[in-house]
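Enquirer: Quick one: structure below, then a few questions.
Every read-out reported here was derived from the displayed coordinates using simple, explicitly stated rules and does not represent laboratory data. Keep in mind the model is a prediction, meaning the values are calculated, not measured.
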Amino acid sequence: MIERIPDIVNRDPAIQRWGRHMNETFMVEVGDEQHLFTVRAGRIEKLERGPFVMRPWRFAIRARRECWEKFWRNPPEPGWHELFALLRRGDVAFEGDQRVLMAYLLYLKLVLAAPRRA
């Protein structure tokens, strides 16, 4: 699922507009798989699959594979529809520079929910 995100986001100017000032690298962990997203002006320039040793990133969003699978369903069940719903239950963890994560929160929510549209 996560491999489709760059194609979906890079074809959608509305999502890109929300991240037009974002120039960061962040990690999304799906179970034990690490994925580094490099974003430039709202476009996902690169998606790399780890494991990574000593690779820099500004923030990370980590959850078990089962959580992401429920999150990416179309439509998701109640309680699995939003990152903060998962955070409230303890199913997702945010690490790193929380200021950057919060500055681009709507963009990140749209990016991470993109597989639902496919």
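Enquirer: Residue by residue through region 107-117, which ³J(HN,Hα) values in whole Hz follow from phi under the Karplus form 6.51 cos²θ - 1.76 cosθ + 1.60 (θ = phi - 60°), with glycine and proline marked x?
Expert: Per-residue couplings from phi come out as 4, 5, 4, 5, 5, 6, 8, 3, x, 5, 7 Hz.
Enquirer: Which whole number of Å³ per residue matches the convex hull of the alpha-carbon atoms in the chain?
Expert: In the chain, the Cα hull volume divided by residue count equals 93 Å³.
Enquirer: If you plug each phi of region 83-94 into the Karplus form 6.51 cos²θ - 1.76 cosθ + 1.60 with θ = phi - 60°, what whole-Hz ³J(HN,Hα) values come out, in order, with x for Gly and Pro?
Expert: 4, 6, 5, 5, 5, 4, 7, x, 8, 9, 10, 9
Enquirer: I've got another one for you. Quick one: which residues, 5 or more positions from residue 96 or on another chain, have an amide H under 5 Å from its amide H? H modelled 1.01 Å from N in the peptide plane, none for Pro or chain starts.
Expert: Distant-sequence amide H within range of residue 96: 60.
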